[in-house]
Amino acid sequence: MSRVSYVNGRYLPHAVASVSIEDRGYQFSDGVYEVIAVRDGNVVDLYPHLLRLDRSLHELRITKPMDHFPLGAVVREVVRRNRVGDGIVYIQVTRGVARRAHAFPKHIAPSLVVTARNLAPPSDAARSNGVRVISTPDIRWGRCDIKSISLLPNVLARQAAAEAGVYEAWLIDEDGMVTEGSASNAWIVDQAGNLVTHDLGPAILGGITRAALLDACRSAKVKLVERAFSLDEARNAREAMVSSTTAFVLPVVAIDGRSVGDGTPGPVCRKLLELYHQHLQDELGANAIGIKARRPLSKSKASA
Ligand code: PMP
């Protein structure tokens, strides 16, 4: 079966789907994106992702290409046409096509691309044995809260992880604090037993998985603090984890080759896995009975 992708109003064979070489995404990374998980053919956390997309567009003053309802319909249609069971949907919006000049061109329409593909969820081995990470300097810009397609520092960090044979690279700021991973949020359980993840702000991307986990943890009365933690603190933490749309939640059992805790996934991590599994079940259930608009997001989530 050949893949189908959506480009500016048309569903096209993936192999020939394209945008202009003068697209500002191509020339300036002048665009934003979302990656959304698909489980059993259901799009997970669609509206939180669309809200974050709106926020990224707003921050960069890129025109919104479509309202939530039609965009949600396009997303589901791309999933359907590609027969995605477990996988991901990718949405990219750029400022549009114009003769190359840095300042915003006037009167151009944004470019919208939606693709989808099957992708296996994290393996049982990764979930039950955990993954390893390395640390690397955070050389990104000052607005990491915007989900920009300008990902070169993230690409370099993930390549360093790949070359080191580990899952992820944790990014360390100038003060020695862990901001997040190259494509995931970072978590630890500190010596006081608190679950800790970096607070929202320009230093991190407010992950949708992070927000779902925080919500679930609050309901389950898990002790948690949103604050920065240092690489030193992470190395001496009881537990560590990563979260993202594609990883869901994974235990981190080693940082820079040194074991975290006893080098095996701990109880808080197992609890998070359970809570996230429940969240996925709730999402699938909500889709099955047609509840599209779930309860309004809290402010911190909407600005994630
Ligand atoms: N931080 C960065 C830098 C990311 O690229 C991602 C993945 N998009 C995340 C965090 C996790 O975000 P989410 O849970 O929305 O996938």
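Provide the net charge surrounding P121, with neighbours chosen by a C-beta distance below 12 Å and charges set as Lys +1, Arg +1, Asp -1, Glu -1.
Working: positive: R39, R127; negative: D40, D86, D124.
Taking every Cβ under 12 Å from that of P121, the sum is -1.
Given a cut-off of under 8 Å on Cα pairs at least six residues apart, what relative contact order in percent is computed for region 124-286?
26
Does region 1-114 come out rounded, prolate or oblate, given a ≥ b ≥ c as the square roots of the eigenvalues of its C-alpha gyration tensor, rounded meaning a/c under 1.5 and, failing that, prolate meaning a/b above b/c? Please report the intermediate quantities before stating the final value.
Numbers: a/c = 2.42, a/b = 1.49, b/c = 1.62.
Because a/c hits 1.5 or more and a/b fails to exceed b/c, region 1-114 counts as oblate.
Just the number please: accessible area per residue for the chain, 1.4 Å probe, all protein chains included, in Å². Before the final figure, lay out the partial values.
Numbers: 14450 Å² over 304 residues.
In whole numbers, the chain has 48 Å² accessible per residue.
Around L60, with a cut-off of 12 angstrom between Cβ atoms, what is the net charge of the other residues, counting Lys and Arg +1 and Asp and Glu -1? Each step should come with its number before you reach the end.
Numbers: positive: R24, R55, R61, K64, R95, R143, K147; negative: D30, D54, E59, D145.
Neighbour charge sum, excluding L60 itself: +3.
Excluding the sites themselves, what is the longest stretch of the chain that contains no GluC sites (Glu not before Pro) in a DSSP loop with at most 15 other C-beta atoms within 10 Å? Can you show the working numbers first?
Details: sites that count: E22, E174.
Counting only loop sites that pass the neighbour cut-off, the longest clear stretch is 23-173.
Would you mind finding the longest exposed-site-free stretch of the chain, with exposed trypsin sites (Lys or Arg not before Pro) meaning DSSP loop and at most 14 other Cβ atoms within 10 Å? Mind dumping the intermediate values first?
Numbers: sites that count: R61, R83, R99, R100, K106, R143, K221, K223, R227, K292, R294.
Value returned for the longest uninterrupted segment is 144-220.
Roughly speaking, to the nearest percent, how much of the chain's 1.4 Å accessible area is carbon and sulfur?
Roughly 53 percent, rounded to a whole number.
Sorting M177, M241 by accessible area (1.4 Å probe), largest first, what list results? Spell out each step's value before the answer.
Details: M177 50, M241 0 Å².
The ordering from most to least exposed comes out as M177, M241.
Starting at the first residue of region 40-57, write each ³J(HN,Hα) from the Karplus equation 6.51 cos²θ - 1.76 cosθ + 1.60 with θ = phi - 60°, in whole Hz, x for Gly and Pro.
6, x, 9, 7, 8, 6, 4, 5, x, 5, 5, 5, 5, 4, 4, 5, 4, 4
With a/c under 1.5 counting as rounded, go ahead and sort region 144-186 into rounded, prolate or oblate using the C-alpha gyration tensor (a ≥ b ≥ c being the square roots of the eigenvalues; past the cut-off, prolate if a/b is larger than b/c, else oblate).
On the way: a/c = 1.84, a/b = 1.15, b/c = 1.60.
Judged from the Cα gyration tensor, region 144-186 comes out oblate (a/c at least 1.5, b/c at or above a/b).
Arrange the residues M66, M1 by how much accessible surface each exposes, largest first, with a 1.4 angstrom probe.
Working: M66 40, M1 135 Å².
Correct descending sequence by accessible area is M1, M66.
Per the Kirkwood formula on distinct C-alpha pairs, the Rh of the chain is how many angstrom? Could the numbers behind the result be given before it?
Numbers: mean 1/r = 0.0500 Å⁻¹.
One decimal place: 20.0 Å for the Kirkwood radius.
Taking 0.36 nm per residue of separation and subtracting the Cα-Cα distance, what length does fully extending D54 through S259 add? Write down the numbers at each step before the final one.
Details: separation 205, 0.36 × 205 = 73.80 nm, distance 3.98 nm.
Result for the pair: 69.8 nm of gain on full extension.
Considering only DSSP states other than H, G, I, E and B, which chymotrypsin sites (Phe, Trp or Tyr not before Pro) in region 96-191 qualify as loop sites with at most 14 other Cβ atoms within 10 Å?
On the way: sites: W141, Y167, W170, W187; in loops: W141, Y167.
Counting only loop positions with at most 14 other Cβ atoms within 10 Å, the chymotrypsin sites (Phe, Trp or Tyr not before Pro) in region 96-191 are W141.
Does region 124-286 come out rounded, prolate or oblate by the C-alpha gyration tensor, with a ≥ b ≥ c the root eigenvalues, rounded set by a/c under 1.5 and, if not, prolate when a/b is larger than b/c and oblate if not?
Values: a/c = 1.41, a/b = 1.21, b/c = 1.17.
Cα axes put region 124-286 in the rounded bin.
The values are calculated or read from the model by the stated rules, or taken from the named source; none is laboratory data. Here the structure is a predicted model, which means the values were calculated and not measured. Here Cβ is always computed from backbone atoms with ideal geometry, including for glycine, and neighbour counts include all displayed protein chains. Ligands, DNA and RNA are excluded from the accessible area calculation, which covers all protein heavy atoms including side chains. Shrake-Rupley method; radii C 1.70, N 1.55, O 1.52, S 1.80 Å.
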